[in-house]
Amino acid sequence: VPVPKWALIAVAVAVAILFLLFLICIIKCCCCKKKPKKKERVGLLAVSSSTTANLVQPEMEDLEQGTEQTRRGKLQYSLEYNFRAHELKVGVKQAAELKAMDSGGTSDPYVIVYLTSDMKKRYETKVYRRTLNPVFNETFTFQVPQAEVPESTLVMQVYDFNRFAKHDIIGEVRLPLAKVNLQHVIEQWSDLAAASKVEEEQLGEICFSLRYVPSTGKLTVLILEAKKLKRMDSHGLSDPFVKVHLILNRKKWKKKKTSVKKNTLSPYFNEVFVFEVPFSQIQNVDVVISVWDHDKVTKNEPIGKLFLGCRATGNQLRHWSDMLSNPRRPLAQWHSLQPPEVVDKALGLKAHLKLPLTSR
């Protein structure tokens with residue numbers, strides 16, 4: 001029996017409706033499964049945010065404990081400058097609430113006092129046993145010319161004494177004198193800070209010029225002046241003079257020296273020395289400039305040194321190179337003095353030997 005056309009259309013429509021209903025059911029099922037995950041994610045975020053808040057914002061008790069751990073105590077001191085005598089009197093009065101360094105909850109404190117402009121001269125207070133609040137009441141005097149006061153920094157370091165081990169530093173106070181009004185007596189408290197790295201001792205600076213003429217083989221060294229030299233005498237000054245050494249192939253060869261300038265840290269020399277150095281040997285020569293403190297009774301002491309030549313570095317090598325590249329022209333430059341032992345080690349000198357040279 002042939003099926004009517006309208007019946008086929010009805011069947012097709014019914015199948016399409018069933019298919020759509022089936023798709024709708026599948027979509028609803030998927031949505032229902034995803035909703036619980038969404039709720040769970042929100043819950044986790046809520047927990048995470050509260051936990052993060054607790055970690056980032058600790059309780060006030062925790063903050064107070066952390067502050068207490070970094071506290072080192074405080075120091076009371078006084079300053080008085082005598083403009084006529086050029087004397088700085090430093091009074092170490094007392095310390096309070098020092099950090100306990102010993103296992104028993106106390107310390108054995110004492111104070112070291114010095115100026116960065118003259119680190120050789122240091123004072124120490126007495127050691128006070130088993131206390132965090134020592135009373136020192138000791139006064140120390142430094143000879144400081146008025147012109148050098150702004151360049152100095154007063155350092156007061158509080159140490160814990162140990163009989164059988166290295167002394168531990170509790171903290172320090174650094175006071176740049178340029179920021180202090182010394183027109184009147186100062187007495188104040190300052191919190192101890194963590195000790196900074198040990199500064200390099202300032203030995204001073206020297207200015208000299210170099211001139212080399214290749215055709216004649218003459219090397220001219222003009223010692224002009226020095227400034228801010230290290231204090232070597234008990235009265236806070238020095239009696240400086242300068243030595244100029246020529247070294248050939250790491251052996252001492254020739255030397256000359258200036259006159260002595262009495263009682264000064266900023267001497268003016270303006271003395272010239274001429275050495276004969278053939279052009280064929282100029283690359284093998286080192287020029288050593290050293291500043292010494294003259295002493296009539298004891299042995300002369302070196303204040304600082306530096307050397308120039310092809311083996312030098314930094315400003316010294318640059319000065320030497322400029323001299324070679326500008327023949328017959330004098331070139332002056334300031335240089336910082338270095339510790340004598342450091343320069344001697346860099347030079348690596350051999351046994352002393354005077355070696356005459358002849359020009360080719």
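The values are calculated or read from the model by the stated rules, or taken from the named source; none is laboratory data. Because the structure is a prediction, the values reported are computed rather than measured. Neighbour counts are summed over all protein chains in view; Cβ atoms, including those assigned to glycine, are modelled from backbone coordinates with ideal geometry. Note: accessible area is taken over every heavy atom of the protein model, side chains too, but ligands, DNA and RNA are not part of it. Shrake-Rupley method; radii C 1.70, N 1.55, O 1.52, S 1.80 Å.
At full extension, A12 and A178 could sit 49.6 nm farther apart than now, given 0.36 nm per residue minus the alpha carbon distance.
Taking the three principal axes of the alpha carbon atoms in the stretch 186-322, the coordinate ranges are 67, 36, 24 Å, sorted in descending order. Phi angles across the stretch 95-106 convert, under the Karplus curve 6.51 cos²θ - 1.76 cosθ + 1.60 with θ = phi - 60°, into 3J(HN,Hα) values of 10, 9, 6, 5, 5, 6, 10, 9, 5, x, x, 10 Hz, Gly and Pro given as x.
In nm, what is the difference between 0.36 nm times the number of residues separating S325 and I186 and their Cα-Cα distance? If you can, show how the numbers build up before the last one.
Values: separation 139, 0.36 × 139 = 50.04 nm, distance 5.57 nm.
In short, 44.5 nm is gained.
Annotation for the stretch 77-164: GluC sites (Glu not before Pro) lying in DSSP loop with at most 16 further Cβ atoms inside 10 Å of their Cβ are E97. If one computes the Cα centroid of the stretch 92-110 and of the stretch 6-26, what distance in Å separates the two points? With the stretch 92-110 and the stretch 6-26 each reduced to a Cα centre, they are spaced 93 Å.
Give the calculated FRET efficiency between E276 and L317 to the nearest 0.05, with a Förster radius of 25 Å applied to their Cβ-Cβ distance. Spell out each step's value before the answer.
On the way: r = 23 Å, r/R0 = 0.93.
Rounded to the nearest 0.05, the efficiency is 0.60.
Counting heavy atoms of the protein chains alone, M101 has an accessible area of about 60 Å² for a 1.4 Å probe.
Here the label points at F161 and V135, each 7 Å from Cα along the C-beta direction, are separated by 1.8 nm in the simple model.
Chymotrypsin sites (Phe, Trp or Tyr not before Pro) within the stretch 104-168: which are DSSP loop residues with at most 13 other Cβ atoms inside 10 Å? Numbers along the way, then the final one.
Details: sites: Y110, Y114, Y123, Y128, F136, F140, F142, Y159, F161, F164; in loops: Y128, F161, F164.
Sites meeting the loop and neighbour criteria: F164.
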